[in-house]
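S.K.: Before anything else, here's the structure in question.
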Amino acid sequence: MNEIEFLINAYINGYFPMADAITNEICFHSPTYRAIFPIYDIKPHRSLKQYIKQNLITTTINKNFPFVINACANREETWISNEIINLYISLHKYGFAHSIESWYDGNIVGGLYGISIGGAFFGESMFSYMSNASKIAFYFLIEHLKKKEFELLDTQFINEHTKLLGAIEIPRKDYIKKLKYAIKLERSFV
């Protein structure tokens, strides 16, 4: 089994990789409680809706995956090592990894990336160089997943940012049940 197959198999079985911020050793995680976004219940706040309507920031899919993953990794402490970057760029080439880019004045100012398998999307990381840019990418992703009839949007661990966006935690056994259903669906991200 090659690295790509191993990684896809990990996701299918409820695990995700993270590199240790100090040693860069990749470890696989399957937390007791998993954070997910209930896709069909998520809506942007009113003020953000108004900002989105101004069309100052536009969004694209898969226009510059390497830029997005490198921007997500470019922080003081990161779990996105060079090995992870290279693996996910390979996953992108095979059609599993995708990016959403937020653009302002011809430049990428925010975005996110993740993995798509069946009707499941595994959100990995997001970044923002401009206020609201990553939120706009996130809400674009939500609308895109609704259109494509996806069933699961995994966000791994809950934190203050994901909680504000509408993430909830569910027990691992409930997550695995949702995961097994979602990955069997015939869905295409693009």
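S.K.: Can you tell me which residue within segment 70-109, out of those that are β-branched (Val, Ile, Thr) and not in a helix (DSSP H, G or I), is nearest to Glu25 (Cα to Cα)? It would help to see each step written out before you state the result.
M.R.: Quick first cut of segment 70-109, residues β-branched (Val, Ile, Thr) only: 78, 80, 84-85, 89, 100, 108-109.
Cutting the leftovers down to not in a helix (DSSP H, G or I) gives us 78, 80, 100, 108-109.
Details: Thr78: 12, Ile80: 10, Ile100: 27, Ile108: 30, Val109: 30 Å.
The extreme case among them is Ile80.
S.K.: Based on what the data block shows, is Leu112 open to solvent by less than 60 Å² (accessible area, probe 1.4 Å), assigned to a helix (DSSP H, G or I) and at pLDDT 95 or above?
M.R.: On the way: open to solvent by less than 60 Å² (accessible area, probe 1.4 Å): yes; assigned to a helix (DSSP H, G or I): no; at pLDDT 95 or above: yes.
In short, no.
S.K.: When you check His98 against the structure, is it at pLDDT 95 or above, over 13 Å from Ile4 (Cα atoms) and not acidic (Asp, Glu), yes or no? Give the derivation first.
M.R.: Values: at pLDDT 95 or above: yes; over 13 Å from Ile4 (Cα atoms): yes; not acidic (Asp, Glu): yes.
In short, yes.
S.K.: While we're looking at this one, here's another question. Considering only residues that are loosely packed, with under 14 Cβ neighbours inside 10 Å and either under 20 Å from the mean Cα position of the chain (by Cα) or hydroxyl-bearing (Ser, Thr, Tyr) (or both), which ones fall in segment 16-27?
M.R.: Asp20, Ala21, Thr23, Cys27
S.K.: What number of residues within segment 115-132 satisfy the criterion of being touching a residue at least 12 places away in the same chain (Cβ under 8 Å) and part of a loop (DSSP other than H, G, I, E, B)?
M.R.: Pass one, segment 115-132, residues touching a residue at least 12 places away in the same chain (Cβ under 8 Å): 115-130, 132.
Among the residues that remain, those that are also part of a loop (DSSP other than H, G, I, E, B) are: 118-119, 129-130, 132.
Summing the residues that are touching a residue at least 12 places away in the same chain (Cβ under 8 Å) and part of a loop (DSSP other than H, G, I, E, B) in segment 115-132 gives 5.
S.K.: Ok, one more. What tally of residues in segment 120-132 results from selecting those that are over 14 Å from His161 (Cα atoms) and either more than 13 Å from the chain's Cα centre (by Cα) or open to solvent by 20 Å² or more (accessible area, probe 1.4 Å) (or both)?
M.R.: Start the filter on segment 120-132 by keeping residues that are over 14 Å from His161 (Cα atoms), which leaves 120-122, 129-130.
Next cut, either more than 13 Å from the chain's Cα centre (by Cα) or open to solvent by 20 Å² or more (accessible area, probe 1.4 Å) (or both) only: 129-130.
The total comes to 2.
S.K.: Can you find a residue in segment 52-69 that is outside any helix (DSSP H, G or I), surrounded by 12 or more Cβ atoms within 10 Å (Cβ to Cβ) and in contact with a Leu (Cβ under 7 Å, 6 or more places away or on another chain)?
M.R.: Checked segment 52-69: no residue is outside any helix (DSSP H, G or I), surrounded by 12 or more Cβ atoms within 10 Å (Cβ to Cβ) and in contact with a Leu (Cβ under 7 Å, 6 or more places away or on another chain).
S.K.: Still on this structure, please answer the following. So, in segment 88-103, exactly how many residues are touching a strand residue (DSSP E or B) at 6+ places or on another chain (Cβ under 9 Å) and surrounded by fewer than 19 Cβ atoms within 10 Å (Cβ to Cβ)? Even if it seems obvious, please write down each step before you answer.
M.R.: Step one: list which residues in segment 88-103 are touching a strand residue (DSSP E or B) at 6+ places or on another chain (Cβ under 9 Å), which gives 88-92, 95-103.
Applying the additional criterion that residues be surrounded by fewer than 19 Cβ atoms within 10 Å (Cβ to Cβ) yields 89-90, 95.
Residues that pass the stated criteria total 3.
S.K.: Does segment 30-40 contain any residue that is part of a loop (DSSP other than H, G, I, E, B) and farther than 26 Å from Lys178 by Cβ? Give the steps one after another, and end with the answer.
M.R.: Filtering segment 30-40 down to residues part of a loop (DSSP other than H, G, I, E, B) leaves 30-32, 38.
From the residues that got through so far, the ones that are farther than 26 Å from Lys178 by Cβ too are none.
The answer is no, given that none of the residues of segment 30-40 is part of a loop (DSSP other than H, G, I, E, B) and farther than 26 Å from Lys178 by Cβ.
S.K.: I'd like the full set of residues that are touching a residue at least 24 places away in the same chain (Cβ under 8 Å) and more than 19 Å from His29 (Cα to Cα), limited to segment 158-190.
M.R.: Leu165, Gly166, Tyr181, Ala182, Lys184, Leu185, Glu186, Arg187, Ser188, Phe189, Val190
S.K.: Determine the pairs where a residue that is closer than 15 Å to Met126 by Cβ and in contact (Cβ under 8 Å) with a residue 24 or more places away in the chain, located within segment 49-65, has a partner that is assigned to a strand (DSSP E or B) and among the polar types (S, T, N, Q) with Cβ atoms under 6 Å apart, the partner being 6 or more residues away or on another chain.
M.R.: Ile57/Ser102; Thr59/Ser102; Phe65/Ser99
S.K.: I'm checking my understanding of the structure. Among residues of segment 158-189 that are open to solvent by 30 Å² or more (accessible area, probe 1.4 Å) and either hydroxyl-bearing (Ser, Thr, Tyr) or modelled with pLDDT under 95 (or both), which one is nearest to Ala35 (Cα to Cα)?
M.R.: Only one residue fits best here, namely Ile158.
S.K.: A further question follows. I need the full set of residues from segment 133-155 which are free of Cβ contacts under 8 Å to residues at least 60 places away in the same chain, buried (at least 22 other Cβ atoms within 10 Å of the Cβ) and closer than 22 Å to Tyr175 by Cα, in order please. Break it down stepwise before answering.
M.R.: First, pick out the residues of segment 133-155 that are free of Cβ contacts under 8 Å to residues at least 60 places away in the same chain: 134, 138, 141, 143, 147-149.
When the remaining residues are screened for being buried (at least 22 other Cβ atoms within 10 Å of the Cβ), the result is 134, 138, 141.
Scanning segment 133-155 gives Phe138, Leu141.
The values are calculated or read from the model by the stated rules, or taken from the named source; none is laboratory data. It should be emphasised that the depicted structure is a prediction, and the values quoted were computed from it without experimental measurement. Positions of Cβ are generated from backbone atoms using ideal geometry, with glycine treated the same way; all protein chains shown enter the neighbour counts. Remember, those area values only see protein heavy atoms, side chains included, never the ligands or the DNA or RNA. Shrake-Rupley method; radii C 1.70, N 1.55, O 1.52, S 1.80 Å.
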